[in-house]
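Notes follow once the structure below has been shown.
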Amino acid sequence: MEIEPDTSSYRELLVFLIAAGLVVPFAHRLRISPILTFLAVGILIGPYGLAASIPALGAVLITNDEGVRFLAELGVVFLLFTIGLELSPKRLISMRHLVFGLGGLQIAATAAAIGGIALMFGNQLPTAIILGLALALSSTAIVMQILTSRGRLGSRLGRSSFAVLLMQDLAVIPILFIAGSLAGEGEGPLLLQLGKAVGMAVLVIAAILIAGRLVLGPIFRMAGSTRSPEIFMASALLVIVATGMATAAAGLSVALGAFLAGLLFSDTEYRHEIEVTMAPFRGLLLGIFFMSVGMGINLGAVAAEPLWLPLSVLGLLVVKTAILIPLALAFRLPVAIAVEMGLLLSQGGEFAFVVFGSALRSDLIEPGAGEFFLVVTGVSMALAPLVARGAERIGRRLEQRQVAGLNPEEPGPDAPVIIAGYGRVGQMLAAMLEARRLPYLAIERDIEIVRQRRLDGLPVFYGDASRPDTLRRMGVTKAAALVVTTDDGRAAEHIVSVARKEAPNLFIIARGRDADHAKGLFDRGADEVIPEAIEAALQLAETLLLAVGLDAESAARIVEERRRLEHSGLEGRATVPSARPAAKHRSGS
């Protein structure tokens, strides 16, 4: 008996992929924000967009967003995972005063202010509490995507914003418990329920961190030894899903579990390779998330409230900004960062949909009011990219005097040397750099070499240096130099070519096999190439000259003249001669 496949569940995903494939590239050419583009696509193809005004289009558009909601949640999961990769347990501990201090005060003060305004407008106390707590939350997905796309996640603004967002994510479960208690769903006193929930959460988080330390090493040594990207990616997905399920079982969010998984990887040698592997999935799934937010914006409800809805959105942005700026200043953040962060976190968040949904099911909020504030939250999220753009301009103006003349691409005094290939030659170079206390980072494809050197506490990472994303994650644009020591000739040429495109001013030294290989490396942008065959011949010649009776000074002079002749010949044969200033790098070697 032949079973007909059920393709109805794929329709929503197909509509999204078609819309994204047609609209997003066009918007990219017009330099429109990807977030705004996905939000606009969601509004158009969602149940309140074209399908509502032209019912005949309902057959080819999305009238029910349940089919994409799961994928949208996965987008947030992958985002939190990559954020965890950017941090480390030590950095997270060092941020505790911002997470629990600034983040906790932001939630309490904002919830009190919004709840008080809700009481002034005649709402009951339980409704005002829920409105205050839900609207105090901001959108982790949107804010972190904005910071990541602008390369500011590691800045002081990025770290401070993330600290507040992390506290908001941790507060979701207590907020849901409060909502359940106000609705009379809980058993026993509220404080007792909260104590049990917090205790369970702490136990689960501690268990994940301890088990991860013990399990990650063997899993990824085995995956890395296969040199199969598919197995490596599957192993990473296993860890993400397992930690997400563990936190969900404890009543926490799956996204928080993914963040913990990223935190576990952040101090390992696999960090950069995992980040590069997961980047395409995160981008696509986040696109679905932003589209699902757009699909939840009811244009009819917006039109029905031409005065109160825009005033409520504006009021939400103003209240949250006005509260966060003085709090940030109290925690000694500069004025420019405080103002920009206040505006950046002024929108509603995705977890507000969860809180409002729970409140509506419990009749804590009237259906009309619930629908209204869901739209307010969605519209504020849709405006977030525009508000962030304005906030960045304001921040730049406020700190214009401090940043004038600085070039973020110029290597600083502590810029590391990147060593691509950590075999015999790479290890020798690293030892010489360590002897001079010069910083370096090494990247190697052999998992056993990486494991052994990591046990020695050396900064060696697993990954493929020929991938542009890997070099970016290693900070190639701010590196002091790149040394390509791999003995794979074709791979060396590809690494040099990719590195030159990513960092036009980077000083690149490469190891070549012979004259022909050296020419190829020069052609692809290397500043200096050391051909092994020529250097071996020169050393043999010097030994021979000493053996037949020449004094050491004469032998060294003859060999050095020949070396200069060989190297000038190699550079002369290159079709793309080096024109980059490398003297300052060579002088220190």
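The values are calculated or read from the model by the stated rules, or taken from the named source; none is laboratory data. Note that the structure is predicted; figures quoted are calculated from it, not measured. Note that we place each Cβ from the backbone using ideal geometry, even for glycine, and neighbour counts take in every protein chain shown.
Points worth noting:
- Hits in the stretch 24-55 - residues which are at pLDDT below 70 and part of a helix (DSSP H, G or I): Val24, Ala27, His28, Ala51, Ala52
Okay, residues lined up against (1) part of a loop (DSSP other than H, G, I, E, B); (2) touching a Lys or Arg at 6+ places or on another chain (Cβ under 6 Å); (3) among the basic types (Lys, Arg); (4) closer than 24 Å to Ile530 by Cα:
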site	(1), (2), (3), (4)
Glu448	no, no, no, no
Gln452	no, no, no, no
Leu458	yes, no, no, no
Ala465	yes, no, no, yes
Asp469	no, no, no, no
Arg472	no, no, yes, no
Val483	no, no, no, yes
Asp487	yes, no, no, yes
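- Single unsatisfied condition, Leu61 versus (1) assigned to a helix (DSSP H, G or I); (2) of a type in the set (A, V, I, L, M, F, W, C); (3) within 20 Å of Asn298 (Cα to Cα); (4) at pLDDT 70 or above: (1)
- Set Ile447, Ile443: member being among the β-branched types (Val, Ile, Thr) and modelled with pLDDT of 80 or more: Ile443
- Conditions (1) in a helix (DSSP H, G or I); (2) on the phi > 0 side of the Ramachandran plot; number of the one not met by Ala499: (2)
- Residue in the stretch 344-355 that is in the same structural domain as Ala179 (by TED's automatic domain parsing) and free of Cβ contacts under 8 Å to residues at least 24 places away in the same chain present: no
- Residue count for the stretch 254-270, restricted to those that are surrounded by fewer than 21 Cβ atoms within 10 Å (Cβ to Cβ) and touching a Phe, Trp or Tyr at 6+ places or on another chain (Cβ under 6 Å): 0
- Hits in the stretch 478-490 (condition: surrounded by fewer than 18 Cβ atoms within 10 Å (Cβ to Cβ) and either more than 19 Å from Gly525 (Cβ to Cβ) or β-branched (Val, Ile, Thr) (or both)): Asp487
- Subset of the stretch 82-110 [β-branched (Val, Ile, Thr), modelled with pLDDT under 85 and more than 19 Å from the chain's Cα centre (by Cα)]: Ile93
- Residue check for Ala582: farther than 21 Å from Arg513 by Cα, at pLDDT below 65 and either surrounded by 11 or more Cβ atoms within 10 Å (Cβ to Cβ) or in contact with a Pro (Cβ under 8 Å, 6 or more places away or on another chain) (or both): yes
- Check on Glu566, over 29 Å from Arg445 (Cβ atoms), among the charged types (D, E, K, R), at pLDDT below 75 and not in a loop (DSSP other than H, G, I, E, B): yes
- Checklist (1) surrounded by fewer than 20 Cβ atoms within 10 Å (Cβ to Cβ); (2) more than 21 Å from His272 (Cβ to Cβ) applied to Ala518, failing item: (1)
Residues are listed down the side, and each one gets a yes or a no for (1) surrounded by fewer than 17 Cβ atoms within 10 Å (Cβ to Cβ); (2) within 20 Å of Met167 (Cβ to Cβ); (3) at pLDDT 75 or above; (4) touching a helix residue (DSSP H, G or I) at 6+ places or on another chain (Cβ under 9 Å):
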site	(1), (2), (3), (4)
His272	no, no, no, yes
Thr321	no, yes, yes, yes
Gly342	no, yes, yes, yes
Glu350	no, yes, yes, yes
Gly370	no, no, yes, yes
Val375	no, no, yes, yes
Ala384	no, yes, yes, yes
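- The stretch 214-228, residues that are out of contact with any helix residue (DSSP H, G or I) (no Cβ under 7 Å at 6 or more places or on another chain) and either assigned to a helix (DSSP H, G or I) or of a type in the set (Lys, Arg) (or both): Leu214, Val215, Gly217, Pro218, Met222, Arg227
- Evaluated against (1) closer than 23 Å to Gly423 by Cα; (2) at pLDDT 85 or above, Ile530 falls short on exactly one condition, (2).
- Checked against the criteria, Ala515 counts as in contact with a strand residue (DSSP E or B) (Cβ under 7 Å, 6 or more places away or on another chain) and either at pLDDT below 85 or not assigned by TED's automatic domain parsing to the domain that holds Met432 (or both).
Yes/no matrix, rows are residues, columns are (1) assigned to a helix (DSSP H, G or I); (2) within 30 Å of Asp363 (Cα to Cα):
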site: Ala111; (1), (2): yes, yes
site: Gly116; (1), (2): yes, yes
site: Leu119; (1), (2): yes, yes
site: Pro126; (1), (2): yes, yes
site: Gly132; (1), (2): yes, yes
site: Val143; (1), (2): yes, no
site: Leu147; (1), (2): yes, no
site: Gly151; (1), (2): no, no
